[in-house]
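The values are calculated or read from the model by the stated rules, or taken from the named source; none is laboratory data. What you see is a predicted model; the values in this text were computed from it and never measured. Neighbour counts run over all protein chains shown; Cβ positions are idealised from the backbone, glycine included. Only protein heavy atoms, including side chains, enter the accessible area calculation; ligands, DNA and RNA are left aside. Shrake-Rupley method; radii C 1.70, N 1.55, O 1.52, S 1.80 Å.
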Amino acid sequence: MLEIIVLCVAGLATGALNAVAGGGTFISFPALVWLGVPPIMANATATLTAIPGYAGSAWAFRNDIEAEGALSLPVMLGIAALGGLIGALLLAVTSEAAFVGLVPWLLLIATLIFAAGPRLLRALKGRGFGAVSSAATVLAVSVYGGYFNGGLGIMLLAVFGLMGFANLHGMNGLKNLMSTMISIVSATALALAGLIAWKSALVLALATTAGGYIGATYARKITNMKLLRTGIVAVGLVMTALFFMK
């Protein structure tokens, strides 16, 4: 019963945060580890359970999604799928000990990038990478997303800024669409490798979906986004510190 309660609360918080500002993985991944799920399996399970939220958000922005940079939409999705597969394969061959050592650093990087997100996007906006640079950058971030889902959204937004994207709604929609693609490919590969905690995944996925719906419903009523982002960063830093101490 305690496990179900923890998963429901974590799922609701994860879905709501992802719908409003992102950063939900800072809740779902540590919750799974706290419940005793091995870190690699917890990471794979968190990736799988994030898919419904990503897909729902992408659907909400479906009329805004378009490619503004040097790459077409099908090419970007193809690169995302390839990167997600490569990241999943890298995770599958990573030892538990090595991943445990990497986790706090991955959480720290994701937290810092999330914290710097608005400034990073303003600094990178309109630079306009070429086709080769765009493809390489999208692939690198997609590999990261296939390996570790935390902070994927803000990294994708930063890439779009480098590519010269200007339509924020389009960027958000494409971010969620590509996150869906990366996570589906990665989670499928990891499931075939036996790295999904299915009992936890079912409860967490349902709760995350519900949290995403609630978050999307009330997102427009939140006026102090800066305070919300600060709270998410604080959670990320606390989780990072706990994993460094473990």
Cβ-Cβ FRET estimate between A234 and L102, R0 fixed at 25 Å, reported to 0.05: 0.65
Accessible surface, per residue, of the chain when the full set of protein chains is kept, probe 1.4 Å, Å²: 46 Å²
Phi-based couplings in Hz for segment 30-44 (Karplus 6.51, -1.76, 1.60; Gly and Pro marked x): x, 4, 5, 5, 4, 7, x, 6, x, x, 5, 5, 5, 4, 5
Phi to ³J(HN,Hα) by Karplus 6.51 cos²θ - 1.76 cosθ + 1.60 over segment 169-181, Hz, x for Gly, Pro: 4, x, 5, 5, x, 5, 4, 6, 5, 5, 4, 4, 4
Point-to-point label distance, W59-L192, nm (Cα→Cβ direction, 7 Å offset): 2.6 nm
Pairwise label distance in nanometres, V9 with H169, each label 7 Å out on the Cα-Cβ vector: 3.8 nm
Within the accessible area of the chain (1.4 Å probe), percent carbon and sulfur: 72 percent
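Which chymotrypsin sites (Phe, Trp or Tyr not before Pro) from segment 22-103 combine a DSSP loop assignment with at most 15 other Cβ atoms within 10 Å? Don't skip to the end; give the middle numbers.
On the way: sites: F26, W34, Y54, W59, F61, F99; in loops: F61.
Nothing satisfies the criteria.
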Simple spin-label estimate for F244 and R122 in nanometres, 7 Å along Cα-Cβ: 2.7 nm
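Mean residue ellipticity at 222 nm from the helices of the chain, using -39,500 (n - 2.57) per DSSP H segment of n ≥ 4 over the full residue count, to the nearest 500 deg cm²/dmol? Display every interim value, and only then the final one.
On the way: 11 runs with 195 residues, N = 246.
So the calculated ellipticity at 222 nm is -27000 deg cm²/dmol.
Expressed as cubic angstrom per residue, what is the convex hull volume of the alpha carbon set of segment 138-214?
Values: hull volume 7.0 nm³, N = 77.
Once divided by residue count, the hull of segment 138-214 is 90 Å³.
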Cβ-derived FRET efficiency at R0 51 Å, L2 paired with S133, nearest 0.05: 0.55
Taking the chain and dividing mean pair separation by its residue count, relative contact order in percent (alpha carbons under 8 Å, at least six apart): 40 percent
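From the gyration tensor of the Cα coordinates in the chain, what semi-axes in whole Å does the equivalent ellipsoid have, largest first, with each one equal to sqrt(5λ)? Mind showing how you got there, number by number?
On the way: eigenvalues 136, 83, 58 Å².
So the equivalent ellipsoid measures 26, 20, 17 Å along its semi-axes.
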Hz values of 3J(HN,Hα) by residue in segment 90-104 - Karplus curve (6.51, -1.76, 1.60), Gly and Pro given as x: 4, 5, 5, 9, 7, 6, 4, 5, 5, 5, 4, x, 7, 3, x
Heavy-atom accessible area ranking, 1.4 Å probe, most first, across Y213, Y147: Y213, Y147
